[in-house]
Structure formats: structure tokens, C-alpha cells
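The values are calculated or read from the model by the stated rules, or taken from the named source; none is laboratory data. Quantities reported herein were computed from a predicted structural model and do not represent experimental measurements. So basically every Cβ, Gly included, is an ideal-geometry build from the backbone, and we count neighbours across all protein chains shown. The area values use the complete protein model at the heavy-atom level, side chains included, leaving out ligands, DNA and RNA. Shrake-Rupley method; radii C 1.70, N 1.55, O 1.52, S 1.80 Å.
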Amino acid sequence: WLKFEFSSAAMLRAVLALLPLALSAVLPHFKWGQAKDRVYITVALRELSRDSVRVEFQVDSIRFEAKDTKGKDYALELPLKEDIKNETAKWEHLPRPDRWGDAILMTVEKAHEHRWDVLVTDPKKFKAVSDRDWAREDQTLEPDDEDNYVSDNEPYIKNLKQDKLTKAMQDTPVVVANLRFSWCKTCESLDKHFLGAAKLAKKSKDKKWKGVGFRVIDARSERKWARELGAACSYPCKLRVFDKSLGGAVTELEAKYTDDDTLKAIEQVLTPAVEFVQDPAEVEALRQTNTTCLGVFDGENQQYRVFQEAAAALRSTVRFAAVLDGSKAAAFGVPMNSISVFAGGSGEADKFTGEFTKEEVLAWLGPRSVPLLGSYDWSKLKTYEQLKLPMGRLWLDGANDEADDSARAIVREVARKFLGKVAFVELSKSSYSYELKDYGLSAPEVYPAFGVAGNASYSALRYGLEMPEDGSFWKDAKTAQDQLSAFIEEVLAGSREPSGASEMPPAEEWKKGEARTVVWKTLKKEVWEGPRPTLLEVYGKFRQDNDKRLDEGNRIAAALAEVASDANVMLGRYDTGANHIPSFLPRQKYASHTDWFFVDPSKPEADRMVKLKKSDPALKQIINFLQKQAGLSKDTANAIKLEVGRLAAEAEAKKMEEEAARKAKEADDDDDEIDADLEGSAGGAEEKKEPAKEEL
């Protein structure tokens, strides 16, 4: 396809020149079948010129062109009834011809997985040249149920088309729309509670609900608009809110799980997203208790439309005020066609200086839409996820107000320095102390504690800042601010290694003959960069025969000290269920198998660690692996095996001896109980005889 630039007259001449060609092209025969997630279209024509085939896939159409060997043109334009994923669509020549001629198979993924009732918007147009491909049709697909959602509930909800939106907002300043696919089962709950909220609003005596329209957008019939609004049959299901003050900009509301909660969520957007002000005093009143974004514009220009889109996205956390008179810019202290943000209760304005595009404004405004140090709970997760920023997290004990207040003040000052780069939150020990483990701060727990997550998601990398247990870190504000800033800079620069869950490190130094418990906090120091080679056992404590395997490791460590002391090899063991799993230990967290590694810090990093190929190896395989990697002689390796066997036999003999002693003690205890019972019985008989004697 060639691209040209035409004047209007030239374009018209080109179109007229192509008309005879378009009119002379013949419709080829085609057939179609479907699975739940894709559609198969086979086009066939006789004596096909294979090199002439051209196929163009659009999200809502497919165009096919080809010639036969005689030069005859064939063209097929299919306006699809539903959308496809055109970026993954493909076509191929089939090796076997169809009864209509040489066959070309087109395979396209459906944008939304469900059964299509028809392929094209006007099936009658193609009736003479189309068939169903029953060989490729999944005939288990059920037809969609008849959709009576709106017709059965007309008093409460109405349909909405894109060309009627302006009129709908004239009738009600706020329009809440349920954008839905009639066949979607995922969002059935939203359908139910949206209707329930509409009924509650209709019955309410509160006049504010008179200005709200509850509408339904059929995503299938309004395909182009639905595409623009991001329609999807997937979680999370969302409502769309149209606000007269926002023009065409839209606000999304996530689905709630009851009628009441849905109505409460809608109630939060009844206040106009953009409030028009005439006097600086009005802005002063707003910003006393709200983070407020003030924009001054020379009328409803392009910058104002960007401002509206920002208001639609952030209206739940920021109040937006607008002045549509550029001559008042000086009075409000805001440059014309720009914005400033005032934090709640603050008199300081933060002025935007970047390029006034939606992306730039949202990137700048997002971090300023939350407090410098916000109080965090799970309900705010979505807000912080949308910022897409690293999160500084301050955990507070709650038992020491003075220490907590001091830490808050220090972190707020650091937050000012990193505004727009990092979002900061505080968390209570009672609700979020469990997080400290993933930051490597749980052994021991020291409060106040501080860490940084790569973002707000559960899969983010985590970095913990270890502090003295006596709380002295927070005593000097300036020093604490400098150390926190340096720590955060390292995280942002990527020069700080991620933290992770770690057991408490052993209190004593390693001694030969002992199996060393290695934890995440000591793995690098003792193993990866340690003073000696390490035979490292990597396991999870929930593996089968865990105690037996630990005993075997202890015996290998003892045998190394006894037979191969000069090799100076440490046997270490690392529990991945209780410690962070670094990238160089490829393993699932709660895997139940055992892996063995040999780590030699004297070698280059690329060759430093070697893995025994077989998981859960036998003792012989472990010793052979050790022999090869540590450079031990065959005699030494055999001696280690013999010593391990001797220690195992010794342990077994001791165990049998202890078992025999236990059984003997149990037998003695049983004899003592029998004697005591006999004595008790005899005494009881005598007691019974005495009263009888006295009676006689």
C-alpha cells in the first residue's frame, strides 16, 4: 500500500480513477467457523496467483485482495460484527485446495471471548458467497441469552448512545453509565448492584439524586465509543461517570459489592469535578481542608481540556478549581494557562512548569494528590498503585508517642525532598508488622522502622534500612534525614541490593565440624564472599524426612572436620521457606526438594557457584560432588563416606540404647503402678472389714 499526499482535487481524481477497479473486482467465496477465543475465515478462489494475496486486519474489519492467474481481481471487505485483536491476526496458504479453489486461512483472536452469532454487520450482503465452516466450529458454544436488562428496568435505567450524551448531561449534570456486554458473566454483580443503586436513588427523598442519570451503554452496539472507554469483560468491572463540568472526560468507578456501597461510591462524584471560582477567597476556603489544584485559563482552550482530563482522573483525592478569565491570573497568583497545587491547610503553592499535556500534568499532579506522609490502609492501595512510584514506608509502634512523632517529622522533611519521585506512608505495628519480614527487618523488629518498596504492588522489590535496637537512629533529626536520603538515593539509583525475609543470624562464629545455618542477612558475607568454600544445602523445612536429612548434613560436617580438615570447607544450609530467595538460587519459595551447591568465593562470579544436577541426591552423590568441586582425593572422599557411615551407626546404636532404656523405665513404672494398685485394694478391703467388725 502506497501512501500519497493529495490536494482535495487530486484526492477526488484518485478515488474516481480507482472506482472502475473496485467495481470490477469479484467477491470470492468464503466460509467461517469459531472457537470461544478465535475466528477462522477461509477464502477460496480458483487458479489463485499466490503472490498476489494481500490481507489487511483492522480491529473492526478485514480486507482481502488477490488475483487469479489470468489477472482477474478479487476483493473482500468484511465489516466485522465484533472487534478482533488485529495485532495478532495471521493468514496462510492451506496445502490442500477447497472445493471452491485454492484456500487462504485467516485466524484472528476475538477481542472478547464469547460466541458470535454472526460474522459481519450485514450478513445478507454476503449470503451468496459465504458458508459456515462446521469443521472448525466449536458446536458446544451456547448462544447468548436474550438481553432484557434495560427493557425490564426502564423506570430506573435507560440506554445511552454517544450522540445523545450531551443531551443526557443537559437533563442531569451527572450521568453514571454501566458500560456492559450483555453476555458478560464476570460483571453480573455490577449489573445487579448498579440497578439496585438506581432504585435506591429513585426512591430517595434527597434532591441531589434528581441531578443524576443512571444509564446503560451497550458495548456491542456502541463499539467505537466502548473501545475509547476501555470496555472489557474482565475484573475489575467499572462504572463510567460523565460530569457536565468535564465535557467529554470520563471518571471511572470500580464496582462495589452491595447496592448501598455502589450508591455511596456514586455519591462521592456528585460534586462537580471542576468548581468555577471568581475570588481568591473561594480558593482559600477550599484549600483549608483539601489538596486543591487551581488552574487559570484564557477561556475553554486546549490547556483547560487537559485540566478537565486531570480532574476526571484525580477527583477522588484533589479538589479542582478553575478561573476562565486570563486577566485574573495575577490576582490568583497562578500563571495564565497553567496550574498550581495547594496542600491541605498549607499556604504554599507548588507551581507546574512542565509541558501542558495530559501525561505531563498527571505525572506531576499524581504525587501531589496524596499527603507528604499519608496514613495507610488497604483501602488506599489503588490510589498509590496508580501513582506508579516507589513507596517509602514508616512503621510506627504506637506505644511511644514521642518517638513516633519524631520519626514522622523527620520523614516528612525527607518526603519534601523526594516529592514526585517517592510517595511516603505510615503504617501501624498492630496491622502491618508482618511486612517487616519481607524488608529484612523482623529479626529483630525495631520501631520506628523504615523501608522502601519499588512500587505499591505485592510483587515489588523491597529495601529495608537496618537501625540500632536502642532507637538512637531517630534521636538526631539532621543525621537521620541525611541517612534516610542517602538510603533512598541508593534505591532509586539501583545501587542498593533488595532486602528480603531473613531468619535471625546465628549468634556465634562457625566452628569446624558444625553445619552452619546460613540466613539471608549472612548469605553474601559468609557464602558468596566468604573466607572459605561452602558446600551449601538449599531446602525447605517442610520437605519429607526433614529431621533425617538435617542429621545427615550434621554428619557430613563432622566428617569433613575429622577427615578433610585441611580443605577448610564449610557445610551451610539455607531454608528458602524462611529466607529471601535471590536470583542466583532459582527455586520456588516453598519447594519441598533439596538442592546442593558448591560455592568457591576465590573464583570469578560467573564460575563461583556450581549446582549438583540431581535434586534430593543420595549421600554418595553428595560426597562425589564435593570431591570433584573441592579437589579432594578419591581416598579422602571414601574416608568421608566411611566416617559418615560410622557416625550414622553410632547414632543408631545410641538411639537403640536410649529406646531400650526408655522401655525398661516404662516397664519399671508399670510394675510400680501395679504394686500401688494392689496395696490400695488391700487397704480398701481392710477398711470395709473394720466397720463390719464393729457392727457385730
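Things worth noting here:
- Distance from the stretch 74-135 to the stretch 138-178 (C-alpha centre basis), Å: 29 Å
- Reach of Lys429 by Cα under 14 Å, taken over aspartates and glutamates that are not fewer than 8 positions away in the same chain: Asp377, Asp397, Asp401, Asp404, Glu445
- For Leu141, net neighbour charge (Lys/Arg +1, Asp/Glu -1) across residues whose Cβ lies under 9 Å away: -1
- Distance between the modelled labels on Lys655 and Lys185, one decimal in nanometres: 5.3 nm (7 Å Cα→Cβ projection).
- Mean accessible surface per residue for the chain, computed with a 1.4 Å probe while every protein chain stays in place, in Å²: 55 Å²
- Value at 222 nm in deg cm²/dmol, rounded to 500, when DSSP H runs of n ≥ 4 in the chain each add -39,500 (n - 2.57): -10500 deg cm²/dmol
- Cα gyration tensor category, rounded, prolate or oblate, for the stretch 391-506 with a/c compared to 1.5: rounded
- The length gained on full extension between Asp122 and Gln481, counted as 0.36 nm times the residue separation minus their Cα-Cα distance, comes to 122.4 nm.
- Bridge type composition, the chain - antiparallel percent by DSSP, nearest 5: 65 percent
- For the stretch 350-389: rounded, prolate or oblate by the Cα gyration tensor [a/c cutoff 1.5]: oblate
- Cα gyration tensor shape of the stretch 179-265, rounded if a/c is under 1.5, else prolate or oblate by comparing a/b with b/c: oblate
- With all pairs of different C-alpha atoms in the average, the Kirkwood value for the hydrodynamic radius of the stretch 74-204 is 18.9 Å.
- Take 592-600, 308-316, 629-637 and order them by the average number of nearby Cβ atoms within 10 Å per residue, most first; the result is 308-316, 592-600, 629-637.
- Listed by chain and number, the aspartates and glutamates placed with their C-alpha closer than 15 angstrom to that of Lys199 are Asp152, Glu154, Asp191, Asp259, Asp260, Asp261, Glu267; residues fewer than eight positions away on the same chain are left out.
- Cross-link check: pairs Lys36/Lys85; Lys541/Lys663; Lys202/Lys238; Lys238/Lys437; Lys110/Lys164 evaluated at a Cα-Cα cut-off of 24 Å; pairs beyond the cut-off: Lys541/Lys663; Lys238/Lys437; Lys110/Lys164.
- Estimated FRET transfer efficiency (Lys511, Ser592; beta-carbon r; R0 22 Å; 0.05): 0.15
- Taken along the Cα-to-beta-carbon direction at a fixed 7 Å, the label points for Lys202 and Lys665 span 8.0 nm.
- Its alpha carbons considered, the stretch 129-213 gives a radius of gyration followed by a Dmax of 18.1, 60 Å.
- Checking (1) 3, 12, 20, 22, 19, 14, 7, 2, 0; (2) 2, 10, 13, 14, 15, 15, 13, 9, 5, 2, 1, 1, 0, 0, 0; (3) 3, 12, 18, 18, 16, 14, 10, 5, 3, 2, 1, 0, 0 against the coordinates, the calculated P(r) over Cα pairs in 10 Å bins from 0, in percent falls under label (2).
- Calculated P(r) tail over 16 Å for the stretch 590-664, as whole % of Cα pairs: 65 percent
- Note on Thr258 and Gln278: the model spin-label points, each 7 Å out from Cα along the C-beta direction, lie 4.3 nm apart.
- Nearest-20 debye value, the stretch 271-403 charge dipole, Cβ charges on Lys, Arg, Asp, Glu: 320 debye
- Of all lysines in the structure, those lying under 18 Å Cα to Cα from Lys665, and not within fewer than 8 positions of it along the same chain, are Lys654, Lys655.
- Positive dipole terminus of the chain, leading residue within Ser234, Trp209, Trp100 (C-beta point charges): Trp100
- Taking chymotrypsin sites (Phe, Trp or Tyr not before Pro) across the stretch 78-144, the ones in a DSSP loop with at most 12 further Cβ atoms lying within 10 angstrom of their Cβ are Trp134.
- Ranked by the mean number of other Cβ atoms within 10 Å of their residues, highest first, the peptides 647-658, 525-536 come out as 525-536, 647-658.
- Sulfur and carbon atoms: percent of accessible area, the chain [1.4 Å]: 49 percent
- By the Cβ distance rule of under 4.7 Å, the chain has these cysteines without a partner: Cys293.
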